[in-house]
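Structure provided below as structure tokens; questions to follow.
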Amino acid sequence: MKEEIIVSGRMNPMVDPQLHIWEWPIPLYLFLGGLAAGILVFASFYTLQGKEEKFRTAVRIAPLITPVILVLGLLALFYDLNHKLFFWRLYTTIRLESPMSWGAWTLMVVTPLAFIWSALNIRELFPRFDWKYSWLKQLETFFRKHIKVIAWILIIFSLILGVYTGILFSAFNARPLWNTSILGPLFLTSGLSTGAAAIVLMSKSHEERLHFARLDIILIGIELFLIVHMFMGFLASTEVQIQAAGLFLGGPYTTPFWLFVVFMGLILPATLEVLEIKGYRLPLIVAPILVILGGLIFRFIIAYAGQISRWLY
Amino acid sequence: MRYAMAVDTRKCVGCSDCVVACQTENDVPIGYCRDWVVEVVDGTFPELEIEIRSERCNHCENAPCVRCCPTGASHYSDGGTVLVSSRKCIGCGACIASCPYDARYPHPDGYPDKCTFCLTNRVQKGLKPACVAVCPTKCLYFGDLEDPNSDVSRVLKIRKWKTLIPEAGTKPHLYFLI
Amino acid sequence: MANRREFIRISSLGLGGVALAGSSLSLVKGSEVIGKLFELPLPDRQRQRVPTYCEVCFWKCAGWVYFNEDGKIRKIEGNDNDLNCNGRLCPRGTGGLGMYYDPDRLKTPLIRTEERGRQSFREASWDEALSYIAEKMQKIAREHGPECVALFTHGSGGKYFGDLLKATGSTNIAAPSFAQCRGPREVGFIYTFGESIDSPENTDIRDTRCLVLIGSHIGENMHNGQVQEMSDAIDRGATIITVDPRYSTAASKSKYWLPIKPATDIALLLAWMHVLIFEELYDKDYVERYTMGFEQLKEHVRNKTPEWAYGITTIKPHIIRETAREMGNASPAVIVHPGRHVTWYGDDTQRSRAIAILNALLGSWGRRGGFYRNANYEMPSFPHPEFPEPKRTWREAFPGKYNLATTVLANGICDATIPAVDRSCNFKGWIVCGTNIIETLPNQKNTIEAIQNLELLAVIDTMPMEITGWADVVLPECTYLERYDSIRTGQARKPQIALRMPASEPLYDSKPSWWIARELAKKLGLQDYFDYENLEDALDWQLRQIGSSLEEMQRIGVKTFERDADDLYFADGEEIEFNTSSGKIELYSADFEAEGFDPLPKYTPHEEPPEGFYRLNYGRGPAHTFSRTANNANLTDIMEENSLWVNPKVASQWGIKNDQYVWLRNQDDITSKFPIKVRVTERIRWDSVYMVHGFGHDQKRLTRCYGKGASDTELISRVHIDPIMGGTGMRGNFVTFILEDPANQRTKT
């Protein structure tokens, strides 16, 4: 029998007996960031493609919620900070090695752009909206003129934001479950997928819904592929990563992960969407809601399970 | 200069004096600790072995906590020690999550705290870190690795040693004599 | 008289009290304030640290108390010149400030308001509380004689109450450290070498080549100097042999661990003697020159072969031979350690004798790497009248028994308090200072019965320990960080003295023991025995007699003197007159024979645990001293409860999981009040369980430790008295596991 104990009664809050420094605000923040990134990627992509009218929801309506989402995410992050008065320190330095740093800067770029984008489309919600002051109107004209430039910046930074939500975790060598570079693309894909689902949910155009449902099926396929790939990577790796994968393969997170994320969050909605494309009449909101919930649960599970996974010594 | 510490697992009795001395020296609040003692028992009665380790921050050369810190609050200081400037820290917790040794804890005042090798309060005044100075078994050695005559250099030269999870790539500077 | 007392009361308020009446400023802060007010060049203004010696355990390491900017006590560090600690305090000494800062401390004198044991008290003034005690003591003296008051003491403060008791005409001053701890060892060594071991032990561990530990768990007991020297010995490659049913920390540092069947040590010791003698590995010259009775010993152990011992101890014969040879090869730099807490099975004096004899055969007594010769420093005592000759002593309560006991038996006082038909006089009053005898004496029922027969129980302590709950009067002593105490002398390689001075004014309404004893003496009309206004005056007088001064000691903390002669070890061929009846080291004890005891130690079998029961072994944890530190925040942070060590085979038989809480029930159907967390570990044999002593407090005023862990003492109801010196053998108790809360079981049935 091998026995390993901490004899000095160490019980540091939030670290012992196992790490739980990051509670619900962090996975929520990452989920909201990914969702906003997904919506904004589609909005700027179809703007650049010149399909603003064809995918009106994606380009004009869905982005209206992104400022709210991003601010909620940032509030969650802020709530999680333990030394809140020093928050401004984030923006006195750029540290490229630290995902938290460039993530903060990315958000510093994306959030104002999301506000501008929404401002430009505010009349979708309030058709008679008037900017009142002439300098605001001038500003509106200026941004509208350079919408393609904004779209280019936005698509790049939104993709970075989407990847960042995964990289934030994967940069932690200390937590073997997180320490896989697949987490970046995987969270990006998941963000795009939830973004697409949000658009489906909001769109009133059958054609647009169908388009994004198709897109979503592809994204879910990629996600499943990446998940399988992630586990293959873990299982082919060192003992610590095998043990980390074990959390999902027989360990405490097996049921929540495979049932709520993989089945109910990916496979089931993909199946429903396929059926819908094939012409079956189904309640339209089920599939996208499952995708969004799946994405949310996915972030929570990865955040919590990752903190359990550790090096063995 | 490169400060390092060596722990003689053959002499350590696990009394945790290092922990108490650190707490009183560094005003570590009750209920928290910067160092701790691990006991590993291996074997089956009566063929047994025990390894006792006084553990703390490894003051890594490639410190994940410094790397992930968004503000530079976690930084390298004299002799490669890894320190935290509380006035730069936003309390995001990334450094705590990034440490494979779980050597950091969130101080109730909001910033992460951990072993400093007693750099400013003792070492720079010519004293040994509190844990080293107090250890009744003299199982802790501290000094400059670049000075071949320092306590730590000498003991590492003559004894077999290991570090904890070197495969994590952190280049730790807490050595365990085995 | 009244004026003088008034004057003393004011002066005892101290500087801080004068500067800001009523505030509890520390000495440094207080003197800073007063220094600013009057611009006096007080030495304290510059003082950044003050000397002390530790009171958390009996080792009494000297150290320094440091302050933070606010003048509050911040940390305690060892004094580099102290031979007991060499500048390194143990965790308890380092955490000693937790005693000072403990919010649960006794704060004012208390007087009981309801029947004894109901824990109902009212606050009282010092004057009232002391008058109460004085009146009761005078009444007892009048009706039964002053000898009917006894003192239980442990630690420095007790000295003053000892003087007080002696002044009244009673010498019944008991410390549980004798009959509950090291008594058998002292008697065993006195009747072999003519000298007791005492404290700190004169074991020359740092220079030894072979250290043999019989159940002694150095490293878990933090007897500082010994732990340090064992570490030095490991560095020097010494062989350590540990005999212990448990894989102790020391065992894990040992070349040989002998997981002996409990209660069979004497068989092993005799087999070792057999091998040493019949393989001629013993120190022939030493044995011939210094000892008597070798031939009788040789005959005695002739058939005590390792094969014989194997059947008893379960230690394989070749291991017994190998370890004996290790000892023989290292001789005389070998120590068969006498241990410290040795009251185990009731034949403990004989076991200690066997250890002493083994050391004699190895020629280690008085030799480098064996046992060095102590140097003591005698302080001249402060002048006082002769103490009166007591009319009776505790011994008269035990006619013909325990004649070889060298000091008062704490359990004897307890027994002689309970009225018995054949005893003409019983103890009527107890003063208990600094020892929680509820947790210290075995057989709690007996202790409580004795208490219920008392006319006076006065308790002096810093903390509301269990014993205070039974008291008539509770007096709050200030902690060692708030008081002067007598100069520490004691034995070491060199003569040395150490000073303890206050680092703070006493918090709350607590007082130092010397003050309490003296004020009580005044009430009894015995103030001549305490003829000083402040203890500092007496200390300064004493120190000046030896060419030092209080001022010097305040500056240096410890003072080391040279030995009178270069006699740390016996010189080659030196003629030594041992302080025994024969003047030789007595392998064969005629004194024992005359008292009707075996002149040579014999192995006698002891009872074994019945089916489903396990022998209850207990010991020390490095972060705690007995039960007295259990509420110290700095130390509960390291260890807040004890756990029960259970072998994995036993655990799986019972279906007990690691970290599961269980209750224990002993052979006398006593169930532990609180559950204890199981540690399933290979480190223990399957026939015994183990826990650290000092937990399971049921005193609610100890808020931090109440109900944490279990108490071994409450399960030690069967005591095997050592007939030679009256020690209380406590390791013959067996326990079984109760998996469900006994409270629920009771309601079910």
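Which stretch or stretches of the range C:624-640 have amide N atoms under 17 Å from the point lying 7 Å from C:Thr703's Cα along the Cα→Cβ direction?
C:630-637
Shifting gears a bit: How far is helix C:183-193 tilted off the main Cα axis of chain C, in degrees rounded to 10, range 0 to 90?
60
For chain A, what is the calculated [θ] at 222 nm in deg cm²/dmol (nearest 500), taking -39500 (n - 2.57) for each run of four or more DSSP H residues and dividing by its residue count?
-20500 deg cm²/dmol
Still on this structure, please answer the following. What do you get for chymotrypsin sites (Phe, Trp or Tyr not before Pro) in the range C:607-711 restricted to DSSP loop and a cutoff of at most 15 other Cβ within 10 Å of the site's Cβ?
For chymotrypsin sites (Phe, Trp or Tyr not before Pro) across the range C:607-711 that sit outside H, G, I, E and B with at most 15 neighbouring Cβ atoms in 10 Å, the list reads C:Trp686.
Follow-up. By how many degrees, between 0 and 90 and to the nearest 10, does the Cα long axis of helix A:183-202 differ from the longest principal axis of chain A?
Taking Cα atoms only, the helix is inclined about 40 degrees.
Can you give the helix-only mean residue ellipticity at 222 nm for chain C, where every DSSP H stretch with n ≥ 4 adds -39500 (n - 2.57) and the sum goes over all residues, rounded to the nearest 500 deg cm²/dmol?
-9000 deg cm²/dmol
Report the local net charge at B:Pro29: Lys and Arg +1, Asp and Glu -1, summed over other residues whose C-beta lies under 13 Å from its C-beta.
-3
Sticking with this one: Could you run the Karplus curve 6.51 cos²θ - 1.76 cosθ + 1.60 with θ = phi - 60° over the range B:6-13 and give me ³J(HN,Hα) per residue in whole Hz, x for Gly and Pro?
So the J values, rounded to whole Hz, are 10, 10, 8, 5, 7, 9, 4, 9.
OK, next. Mind giving me the nanometre distance, one decimal, between the label points for C:Ser424 and C:Glu307, set 7 Å out from Cα along Cα→Cβ?
Placing both labels 7 Å beyond Cα along the Cβ direction yields 6.0 nm.
Moving to a separate point now. Write down the Kirkwood hydrodynamic radius of the protein assembly as shown, to one decimal in angstroms, obtained as one divided by the mean of 1/r over all alpha carbon pairs.
When all Cα pairs of the protein assembly as shown are included, the Kirkwood radius is 34.5 Å.
Compactness ratio of the range C:300-456: Cα Rg over 2.2 N^0.38 Å, N = residue count?
Here the Cα radius of gyration is 1.48 times the empirical estimate.
Next question. I need the Kirkwood Rh of the range B:3-177: take the reciprocal of the average 1/r across all distinct C-alpha pairs and report it in angstrom.
In the range B:3-177 this quantity evaluates to 16.6 Å.
Using DSSP loop states and a limit of at most 11 other Cβ atoms within 10 Å to flag GluC sites (Glu not before Pro), what is the longest stretch of chain C containing no flagged site?
No qualifying site falls inside C:387-561, the longest such stretch.
Find which of C:Ile320, C:Gln228, C:Thr208 sits farthest along the positive direction of the dipole of the range C:203-372, computed with +1 on the beta-carbon of Lys and Arg, -1 on that of Asp and Glu, about the Cα centre.
Result: C:Ile320.
Count charges around B:Gly80 for me, please; just the other residues with Cβ under 14 Å from its Cβ, Lys/Arg as +1, Asp/Glu as -1.
Around B:Gly80, the surrounding residues sum to -3.
Can you pull out the GluC sites (Glu not before Pro) in the range A:59-154 whose DSSP state is coil and whose Cβ has at most 14 other Cβ atoms within 10 Å?
Filter output for the range A:59-154: A:Glu97.
Under the classification rounded if a/c is under 1.5, otherwise prolate if a/b is larger than b/c and oblate if not, where does the range C:203-372 fall, given a ≥ b ≥ c as square roots of the Cα gyration tensor eigenvalues?
Cα axes put the range C:203-372 in the oblate bin.
Same structure again: Please state the Cα pair-distance histogram of the range A:25-308 with 5 angstrom bins from zero: what percent is in each bin?
In whole percents, the pair-distance histogram is 1, 6, 12, 16, 17, 16, 13, 10, 6, 3, 1, 0, 0.
Something else: What residues qualify as long-range amide H neighbours of C:Tyr618, i.e. H under 5 Å apart, gap of 5 or more or another chain, H built at 1.01 Å from N?
Amide H to amide H, under 5 Å and 5 or more residues apart or across chains, C:Tyr618 pairs with C:Met691.
Fewest to most neighbouring Cβ within 10 Å: what's the order for C:Lys60, C:Lys649, A:Lys278?
Final ranking by Cβ density, sparse to dense: A:Lys278, C:Lys649, C:Lys60.
Taking the DSSP beta bridges in chain C as the whole, what percent of them are antiparallel, to the nearest 5?
Antiparallel bridges make up about 45 percent of those DSSP assigns within chain C.
Take peptide B:83-92, look around each residue's Cβ out to 10 angstrom, count Cβ atoms belonging to other protein chains, and average those counts.
Mean partner-chain Cβ count within 10 Å for B:83-92: 5.
I need the Kirkwood Rh of chain C: take the reciprocal of the average 1/r across all distinct C-alpha pairs and report it in angstrom.
Hydrodynamic radius (Kirkwood, Cα only) of chain C equals 27.1 Å.
OK, next. Can you compute the modelled spin-label distance between C:Gln653 and C:Tyr508, with each label point 7 Å from Cα toward Cβ, in nm?
According to this spin-label approximation, the distance is 4.7 nm.
Here's a follow-up. To the nearest 20 Debye, how big is the dipole of the range A:65-168 about its Cα centre, given +1 on the beta carbon of each Lys and Arg and -1 on that of each Asp and Glu?
Charge dipole of the range A:65-168: 340 debye, to the nearest 20.
With a Förster radius of 25 Å, plug the Cβ-Cβ distance of C:Glu288 and C:Ser582 into 1/(1 + (r/R0)^6) and report the FRET value to the nearest 0.05.
That pair, C:Glu288 with C:Ser582, gives E of 0.95.
So, one more: Between A:Asp16 and C:Lys391, what is the label-point separation in nm under the 7 Å Cα-to-beta-carbon projection?
6.0
Sticking with this structure for a sec: Go ahead and run the numbers for FRET between C:Glu740 and C:Glu611, Cβ-Cβ distance against an R0 of 25 Å, rounding to 0.05.
Computed FRET efficiency for C:Glu740 and C:Glu611: 0.75.
Ordered by residue, what ³J(HN,Hα) values in Hz, to whole numbers, does the range C:268-277 give under the Karplus form 6.51 cos²θ - 1.76 cosθ + 1.60, where θ = phi - 60° and Gly and Pro are x?
Rounded to whole hertz, the list is 5, 4, 5, 5, 4, 4, 4, 5, 4, 6.
Next question. Could you please state, rounded to a whole Å, how far the C-alpha centre of the range A:1-80 is from the C-alpha centre of the range A:279-303?
16
Could you put C:Phe592, C:Phe674, A:Phe212 in order, starting from the residue whose Cβ has the fewest other Cβ atoms within 10 Å?
So the ranking, lowest neighbour count to highest, is C:Phe674, C:Phe592, A:Phe212.
Something else: For chain A, set up a GNM with springs between Cα atoms under 10 Å and report which of A:Ile61, A:Ile217, A:Ile277 has the largest fluctuation.
A:Ile277
A further question on this structure: Using a ≥ b ≥ c from the Cα gyration tensor of the range A:105-220 (square roots of the eigenvalues), is it rounded, prolate or oblate, where a/c under 1.5 gives rounded and otherwise the larger of a/b and b/c decides, a/b for prolate?
In terms of gyration-tensor shape, oblate.
Ok, one more. Can you give me the long-range amide H partners of C:Gln667? Hydrogens built in the peptide plane at 1.01 Å from N, cutoff under 5 Å, separation of 5 or more residues or another chain.
The answer is C:Phe734.
Also: Just to be sure I understand: with springs between alpha-carbon atoms less than 10 Å apart, which residue in B:Ile165, B:Ile96, B:Ile52 has the highest mean-square fluctuation in the Gaussian network model of chain B?
B:Ile165
Which value, in debye to the nearest 20, gives the size of the charge dipole of the range C:614-748 about its Cα centre, when Lys and Arg are +1 and Asp and Glu are -1 at the Cβ?
The calculated dipole for the range C:614-748 is roughly 80 debye.
Sort A:Thr255, C:Thr313, C:Thr208 by Cβ crowding within 10 Å, fewest neighbours at the top.
Result, fewest neighbours first: A:Thr255, C:Thr313, C:Thr208.
Can you compute the FRET efficiency between C:Lys107 and A:His206 using 1/(1 + (r/R0)^6), with r the Cβ-Cβ distance and R0 = 56 Å? Round to the nearest 0.05.
So, using R0 = 56 Å, E works out to roughly 0.10.
Quick one: which residues, 5 or more positions from B:Trp161 or on another chain, have an amide H under 5 Å from its amide H? H modelled 1.01 Å from N in the peptide plane, none for Pro or chain starts.
When sequence neighbours closer than 5 places are left aside, the close amide H contacts are B:Ile178.
Is the range C:614-748 best put as rounded, prolate or oblate by its Cα gyration tensor, with a ≥ b ≥ c the root eigenvalues, rounded for a/c under 1.5, and otherwise prolate when a/b is larger than b/c, oblate when not?
Rounded, since a/c falls under 1.5.
What are the ³J(HN,Hα) values, in whole Hz, obtained from phi via the Karplus relation 6.51 cos²θ - 1.76 cosθ + 1.60 with θ = phi - 60°, for each residue of the range A:212-229 in sequence order, with x given for Gly and Pro?
Once θ is set to phi - 60°, the couplings for the range A:212-229 become 6, 5, 4, 4, 4, 4, 4, 4, 5, x, 4, 4, 4, 4, 5, 5, 4, 4 Hz.
So, one more: Net charge near B:Pro100: determine it from the other residues with C-beta under 9 Å of the C-beta of B:Pro100, scoring Lys and Arg +1 and Asp and Glu -1.
+1
Next up: Between the helical axis of C:513-523 and the dominant principal axis of chain C, each derived from Cα atoms, what acute angle in degrees is found, rounded to the nearest 10?
60
None of the figures in this text is laboratory data; all of them are computed from the coordinates on show. Keep in mind it's a predicted model, so treat the numbers as computed, not measured. Positions of Cβ are backbone-derived with ideal geometry, glycine not excepted, and every protein chain shown enters the neighbour counts.
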